[in-house]
1. Among what's in the range B:60-78 and is under 15 Å from residue B:275 (Cβ atoms) and under 23 Å from the mean Cα position of the chain (by Cα), pick the residue that is modelled with the lowest pLDDT.
2. Hey, any hits in the range B:10-24 for a residue that's part of a helix (DSSP H, G or I) and more than 25 Å from the chain's Cα centre (by Cα)?
3. May I ask you to verify whether residue B:232 is away from chain A (no Cβ under 14 Å) and either closer than 29 Å to residue A:75 by Cβ or at pLDDT below 85 (or both)?
4. Looking at B:192, B:167, B:204, can you tell me which residue is surrounded by fewer than 20 Cβ atoms within 10 Å (Cβ to Cβ), within 25 Å of residue B:140 (Cβ to Cβ) and either within 14 Å of chain A (Cβ to nearest Cβ) or touching a residue at least 60 places away in the same chain (Cβ under 8 Å) (or both)?
5. Out of the range A:53-83, which residues are out of contact with any helix residue (DSSP H, G or I) (no Cβ under 9 Å at 6 or more places or on another chain) and either within 14 Å of chain B (Cβ to nearest Cβ) or more than 20 Å from residue A:237 (Cβ to Cβ) (or both)?
6. For the range B:108-121, state whether one or more residues are within 21 Å of residue B:243 (Cα to Cα) and loosely packed, with under 12 Cβ neighbours inside 10 Å.
7. For residues that are within 13 Å of chain B (Cβ to nearest Cβ), out of contact with any strand residue (DSSP E or B) (no Cβ under 9 Å at 6 or more places or on another chain) and in a strand (DSSP E or B), tally how many sit in the range A:93-112.
8. Which condition does residue B:226 not pass, out of (1) more than 19 Å from the chain's Cα centre (by Cα); (2) modelled with pLDDT under 85, if it passes all the others?
């Protein structure tokens, strides 16, 4: 299977013009995101001084319970969400230094896979027309594979090309989302709870697909999840978040098998997938 | 798949016929409930024999059910009776006026759409800002200003004080400007509000973030993705508003002496010309039913989920 995936490998993935290999694809430094309640005027700090580095081809996970600021972090890090303070460097460019246009171009190299696959597809757009729209953004970058080949790579039948989102199952829709991400030959894939909206029966398949895509393209990955089994299957390093702060960081195995922080230990016990710890 | 779709279409058409039937029945019933028309036509002092003769002439002396049956058959054979004041077939009277009203409604709706839709989109994409509040205020004003008052004010300003435009009647495109502007205000406000609500809902959908995340430009995301998804309620209201205007632009046509259907309806009511009133109501009901059908057709074209 891995062989099949490698055959159509997107040539040149992971190499943008003039960006050296050792520059991290994502460097977040002291990120702060605050939300102000419009009626009470109260300020809520969703992300509180987070630092994060993801090198080319690396995969990192941000774990934490819901409301810990994981998704806010991911949205801010890709320039999609608000940011109150701190520095973000995406593919070697500081988000403060570049304009909207450049940011939009950068985003094409940073692809996000969202939690709700149906929600993240435009219900008025067939699979084919969605791909055509993306191809229109960057013709040369997306010319490496045709639509049918792309669907095959995410193990979908090309027959699905003319389907609309409501005619796809959750797993199929998420594969379409992954295909759309893959088409752009991203250097960083952000996956925000990519399997938690899916049936348990297809979660493992989609996860496996994400892992294969990462391996075959050499793209870095930032995985947001509350599910330890998911994180463990795909990521090298893990960052544990609580109340907007990173309380512990390190290689996945270390963080999960011998957590240094009390909260991590608590979290591990409470989290789905925490059972695997018993097997260590 | 095909059979299910056919069943759905059949059910829709059936429902439309049912609503048409109810509307026809109500028009008939209301006509009879308003009392003996002969008293109104001949005046209270007319001798009973004269009223009886008129009742016979109008067929009002027959049993109610027979009248109803004749009326329904008439509607489906295109015979809507004869006017009491014009001594002409009601259909002829109506279709003589329709082109004028159609002109007015087309111009008014065009203005309403051209201003209302961008205003709503602007407000939704700049939610909470000064733009949004300004657009909401305009919409609120548009929905609360009475049409006849606005009409008179425009006449006073542009026709009387400035003398730029004719104060009434029809004929040239210049005659069309003031009435269509007046007519456009309410639907414009309605369209703007609905567009704003619908757009702001669509813009909050996850696929909007998803599209932006893929590097699609904001303009394209707003118009191609959000607007396309927000379009359906707006289209529906455009079509239904058109129906409302077509069957009852009474105030505007009265203020501007516009020789359309609304004016005809007013004349009919003033003269107690109940066959004509009834015919106009029937015409309005048919227009509404047809426009509803149009909404369904548009819906199935725009939304792949309905197909």
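1. B:78
2. Restricting attention to the range B:10-24, the residues satisfying the condition of being part of a helix (DSSP H, G or I) are B:10-24.
Pick out the ones that are also more than 25 Å from the chain's Cα centre (by Cα) and you get B:10.
Yes: one or more hits.
3. Working: away from chain A (no Cβ under 14 Å): no; either closer than 29 Å to residue A:75 by Cβ or at pLDDT below 85 (or both): yes.
No: the conditions fail for residue B:232.
4. Working: B:192 fails: surrounded by fewer than 20 Cβ atoms within 10 Å (Cβ to Cβ); B:167 fails: within 25 Å of residue B:140 (Cβ to Cβ).
Exactly one residue qualifies, and that residue is B:204.
5. Passing the criteria: A:66, A:67, A:71, A:72, A:74, A:76, A:77.
6. Start the filter on the range B:108-121 by keeping residues that are within 21 Å of residue B:243 (Cα to Cα), which leaves B:108-117.
Adding the requirement that they be loosely packed, with under 12 Cβ neighbours inside 10 Å leaves none.
No: the range B:108-121 contains no residue that is within 21 Å of residue B:243 (Cα to Cα) and loosely packed, with under 12 Cβ neighbours inside 10 Å.
7. Total satisfying the criteria: 0.
8. (2)
The values are calculated or read from the model by the stated rules, or taken from the named source; none is laboratory data. Just so you know, these numbers come straight off a predicted model, no measurement behind them. Because the Cβ atoms are built from the backbone with ideal geometry, glycine has one as well, and the counts that use them run over all protein chains shown.
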